[in-house]
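Written out below as structure tokens is the structure these notes cover.
The values are calculated or read from the model by the stated rules, or taken from the named source; none is laboratory data. Everything numeric in this text was worked out from a predicted model, so none of it was measured. Using ideal geometry, Cβ is built from the backbone for each residue, glycine included, and neighbour counts are taken over all protein chains shown. Remember, those area values only see protein heavy atoms, side chains included, never the ligands or the DNA or RNA. Shrake-Rupley method; radii C 1.70, N 1.55, O 1.52, S 1.80 Å.
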Amino acid sequence: MYQRLLSEKLNGLKATGQYRTFVTLNRICGQYPLAQLEGNDERSVVVWCSNDYLGMSQHPVVRKAMHEAIDLYGAGSGGSRNIGGSHGLYDKLERSLADWHAKEAALVFPTGFSSNDASLQCLLRQIPDCVVISDEMNHASIINGIRATTGERQVFRHNDLSHLETLLAQYPRERPKIVIFESVYSMDGDVAPIAEIVALAHRHNALTYLDEVHAVGMYGARGAGLAALEGVADQVDIIQGTMAKAIGVIGGYIAGTSWLIDAVRSFATGFIFTTSLPPAVTAGCLASVEHLKAHVDERERLHVQTRRLRQALNAFGIPVMPCSTTHVLPVRIGDAGKCKAAAERLLRVHGIYLQPINFPSVAVGTERFRVNATPNHSDTQIDQLAEALREVFMHFEIPLQTPATATALQEVS
């Protein structure tokens, strides 16, 4: 019976083209963004959809720190920080992250998902009668943390300040409230009006919780994110980030006031009862963060190559969704079946890896590729991607940009 029930669900995914499969490929150290397909030792492919935005996973300073730490401390952490002990590297990393975001303290989690999930569950359970007000495009980890609690919740239309104000105005000033939003939205590549949201929330005596996972490392004078770039990081109550994207390793964190971080450390079950990051991973994260604080080369090169990629896609009529203003370039396909088939052809014929993005990551009818350049992508690889996408679009009769749209987008870029 159980097999039948679950098989029916899986068959539904397959029938709509939304069934997900893994492409097994092994990244080649020192040659990023190249990777080898499993079972094919001779053919390399170019990866165009990794969240390793700056290539820091392969940076010599990160690898050196991890090698040294594993030789000194071994492979695992030994358990949760409450039971296995809190290694000195954790303290160094948390102080570094707090300094990065100009906050009093920070707390590290094993993943970015768990830092959102555990922190939000904790805050919404420990703050009595708290209302959560969340942007409708927030990540699944945020939604998961909210849904795990029983308090009152509201959802405001994406980046809609007027709707947010209407929702906030429903509640007395003394009623606890948390406004949750992201800086860069990973599927559309657009950004939030951070300063305006923060000002509006504080006018109504609400805490602000900002997810910066797709911005840390890449924006701001020291790479601390969009809030830092806009000069309002000090006004955000809680900044959440990840070390699995631009930092290039794994782990998540929150940064804020000492009393707030201490509350999450003391009450969040998702922190208390989980094994901590291995020392070698922690050392790699610390080395990467410290490097990105002090060096601008990687993020400047990222933005140069992103502009070049936009121009190349535009020249070949590839429809980058106009909402994108960041390093994330969503290329709309609009059909789950064609999106999957196009990805397979890109890989098989052109040696290009792009993962199809289908429901539930995006709404049905907005299926897309999520393309991003890195500092490691060459000009030649950018041109090859644009040409390959053009061939695949024509092969599957996927609509290209009209000349008028292309001209308008070129003027914007």
Provide the per-residue ³J(HN,Hα) series for segment 214-226, in order, calculated from phi with Karplus coefficients 6.51, -1.76, 1.60 and θ = phi - 60°, each as a whole number of Hz, with x at glycine and proline positions. 9, 10, 4, x, 10, 10, x, 4, 10, x, 7, x, 6
Considering amide H positions built from the backbone, and no H for Pro or chain starts, which residues 5 or more places from GLN154, or on another chain, come under 5 Å of its amide H? VAL132, ILE133, SER134
Using only the C-alpha atoms of segment 142-236, find the volume of their convex hull and express it per residue in Å³. 99
Could you provide, to the nearest whole Å², the per residue accessible area of the chain with probe 1.4 Å? 44
Two pseudo-spin positions, 7 Å from Cα along C-beta at LEU72 and at SER266, lie apart in nanometres by 3.1
Sites removed, the longest contiguous part of the chain containing no DSSP-loop trypsin sites (Lys or Arg not before Pro) with at most 15 other Cβ within 10 Å is 174-413
Return the percentage of antiparallel bridges among DSSP beta bridges fully within segment 160-272, rounded to the nearest 5 %. 40
Label-reachable residues, segment 352-374, where backbone N falls under 14 Å from a point 7 Å from LYS14's Cα toward its Cβ: none
I'd like the Karplus ³J(HN,Hα) series for segment 77-87: coefficients 6.51, -1.76, 1.60, θ = phi - 60°, whole numbers in Hz, and an x wherever there's a Gly or Pro. 8, x, x, 5, 5, 6, 9, x, x, 9, 4
Could you tally the net charge around ARG265, taking each other residue with its Cβ under 11 Å from the Cβ of ARG265, Lys/Arg +1 and Asp/Glu -1? -1
Give the cross-link partners of LYS245 among the lysines, using a straight C-alpha distance below 17 Å as the criterion and excluding same-chain residues fewer than 8 apart. LYS293
Within the chain, what's the longest run with no GluC sites (Glu not before Pro) in a DSSP loop and at most 16 other beta-carbon atoms within 10 Å? Give the range, please. 175-396
Tell me the carbon and sulfur percent of the accessible area for the chain, rounded to whole percent, probe radius 1.4 Å. 54
Please report the antiparallel percentage of the DSSP beta bridges confined to the chain, to the nearest 5. 55
Neighbour cut-off at most 15 other Cβ (10 Å), DSSP loop, chymotrypsin sites (Phe, Trp or Tyr not before Pro), segment 16-98: TYR19, PHE22
All aspartates and glutamates inside 16 Å of LYS177 as judged from Cα atoms, apart from same-chain residues fewer than 8 positions distant: ASP129, ASP135, GLU152, GLU165, ASP237
Please list, ordered by chain and number, the residues whose modelled amide H lies under 5 Å from the amide H of ASP335; skip anything fewer than 5 residues away on the same chain. GLU367
Using alpha carbons only, how many angstrom separate the centre of segment 180-218 from the centre of segment 370-389? 29
Run the numbers for SER7 and SER96: contour at 0.36 nm per residue of separation, minus the present Cα-Cα distance, in nm. 27.3 nm
Any idea what % of Cα-Cα pairs in segment 347-403 are farther than 15 Å? 60
Could you run the Karplus curve 6.51 cos²θ - 1.76 cosθ + 1.60 with θ = phi - 60° over segment 88-101 and give me ³J(HN,Hα) per residue in whole Hz, x for Gly and Pro? x, 5, 5, 4, 5, 5, 5, 5, 5, 5, 4, 4, 4, 9
